[in-house]
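Below is one structure, written out as structure tokens; the observations come after it.
The values are calculated or read from the model by the stated rules, or taken from the named source; none is laboratory data. In this text the structure is predicted, and so the values were computed from the model without any measurement. Note that each Cβ is placed from the backbone with ideal geometry, even for glycine, and that neighbours are counted across all protein chains shown. For the accessible areas, the whole protein counts, side chains as well, though only heavy atoms, and no ligand, DNA or RNA atoms are used. Shrake-Rupley method; radii C 1.70, N 1.55, O 1.52, S 1.80 Å.
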Amino acid sequence: MRSFQRGTHFLYAMLRLSIVTACLNAEKYIDRTLQSILGQGYPKLEYIIKDGGSTDGTLEKIRPFQSQIHSFQSKSDEGQYAAIQEGLMESTGEIMGWINADDQYFPGSFSVVNQIFSQFPEVNWIVGVPAFLNAQGHITKVSTNSASAFYQPYIQQGVYRDYLAGYLQQESMFWRRSLWDKVGGLDLQWKLAADFDLWTRFAAHAELVQVVSPLAAFREMPGAQRSSLFRKEYEQEVSEIVSNKSKPAYLWNAIARKGVIWRSLCRLAIWKPTKTIAFNTEREAWELLTHKRPISRATFLDMLLEKKIRG
């Protein structure tokens with residue numbers, strides 16, 4: 001379905017949006033995640049929860065929302081990615097995504113996502129501006145370099161990883177079902193880095209387009225969440241995934257390994273063509289732009305501030 005224009009205003013088709021949350025013993029934050037999803041009032045939302053058999057208060061936190069949830073299941077499973085895969089495979093939406101039980105969407109995100117996919121049929125995969133929460137739910141950081149380059153060949157090669165171009169943020173990713181079907185979903189041999197692997201396979205078929213708007217926020221809890229506790233194991237899986245892919249330039253690889261300052265400067269220095277969707281306030285519509293941008297998601301001033309904070 002396409003959008004059409006009347007004067008300077010677009011009238012948007014309403015697409016079905018499927019969102020999956022996989023959770024296990026997530027009582028501390030699950031209600032905030034649910035509120036961020038169901039509180040948007042998006043009329044064609046298909047929300048699916050796969051609980052891995054929680055033994056804390058997670059189910060009690062979910063129960064008040066159950067009438068608004070399309071599908072809810074609580075049982076032991078084969079892990080987070082198996083649960084996400086199951087939920088997305090049973091979903092029917094034209095647009096898909098998943099969010100963890102401690103992350104949150106921003107108000108109005110689903111409307112933005114719908115407008116973009118309706119207006120731009122050539123766009124198959126989008127990501128919002130990176131944003132972060134702390135344990136108390138405070139917004140602690142939103143990227144100010146709001147139009148960084150997500151270079152398709154680099155994603156396919158697995159260059160968007162820790163010490164090179166930086167990891168891609170899963171919580172603000174959305175894509176068309178047709179793209180998911182092309183790659184066959186998640187590869188469940190990967191227990192920790194299946195999202196990283198999925199992006200490399202998506203990039204074989206589609207360009208990742210950044211929307212200059214924060215769509216979701218990642219909750220940072222060092223030492224208390226899966227991405228922190230199993231970081232070493234995650235990196236090992238990433239190394240296996242990229243082992244049969246073409247290598248990044250030798251000089252970049254060598255400089256980036258010298259430390260955070262050097263890798264940050266590399267990201268600022270490497271400019272690539274990219275597509276960006278930004279809002280034109282005069283036309284009151286989103287616009288798709290093609291230009292060159294650095295692969296860095298932080299400006300030089302951001303880096304100086306980060307250095308000051310960390311002493």
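Pick from THR55, THR92: which is under 30 Å from SER178 (Cβ atoms) and loosely packed, with under 13 Cβ neighbours inside 10 Å?
Sole residue among the options that is under 30 Å from SER178 (Cβ atoms) and loosely packed, with under 13 Cβ neighbours inside 10 Å: THR92.
Among SER172, SER239, which is more than 18 Å from the chain's Cα centre (by Cα) and either closer than 25 Å to GLN115 by Cβ or exposed (fewer than 14 other Cβ atoms within 10 Å of the Cβ) (or both)?
None of the others qualify; the one that does is SER239.
Quick one: which of THR140, THR144 is over 16 Å from the mean Cα position of the chain (by Cα), of a type in the set (S, T, N, Q) and within 30 Å of ASP31 (Cβ to Cβ)?
THR140
Among the residues of the range 210-221, how many are surrounded by fewer than 21 Cβ atoms within 10 Å (Cβ to Cβ) and more than 25 Å from ALA135 (Cβ to Cβ)?
1
Taking the stated definitions as given, is ILE277 farther than 23 Å from SER148 by Cα, hydrophobic (A, V, I, L, M, F, W, C) and open to solvent by less than 40 Å² (accessible area, probe 1.4 Å)?
No: the conditions fail for ILE277.
List the residue pairs whose Cβ atoms are under 6 Å apart, where the first residue sits in the range 22-40 and is touching a residue at least 12 places away in the same chain (Cβ under 8 Å), the second is open to solvent by less than 20 Å² (accessible area, probe 1.4 Å) and in a loop (DSSP other than H, G, I, E, B), and the two are 6 or more positions apart or on different chains.
Here the result reads CYS23/ALA101; LEU24/GLY52; LEU24/SER54; ASN25/SER54; ALA26/ALA101; GLU27/GLY57; ILE30/ALA101; THR33/ALA101, each pair linking the range 22-40 to a residue that is open to solvent by less than 20 Å² (accessible area, probe 1.4 Å) and in a loop (DSSP other than H, G, I, E, B).
Quick check on my filter: what residues within the range 212-244 are among the charged types (D, E, K, R) and at pLDDT 90 or above?
If the condition is that a residue be among the charged types (D, E, K, R) and at pLDDT 90 or above, then ARG219, GLU220, LYS232, GLU233, GLU235, GLU237, GLU240 are the ones that fit.
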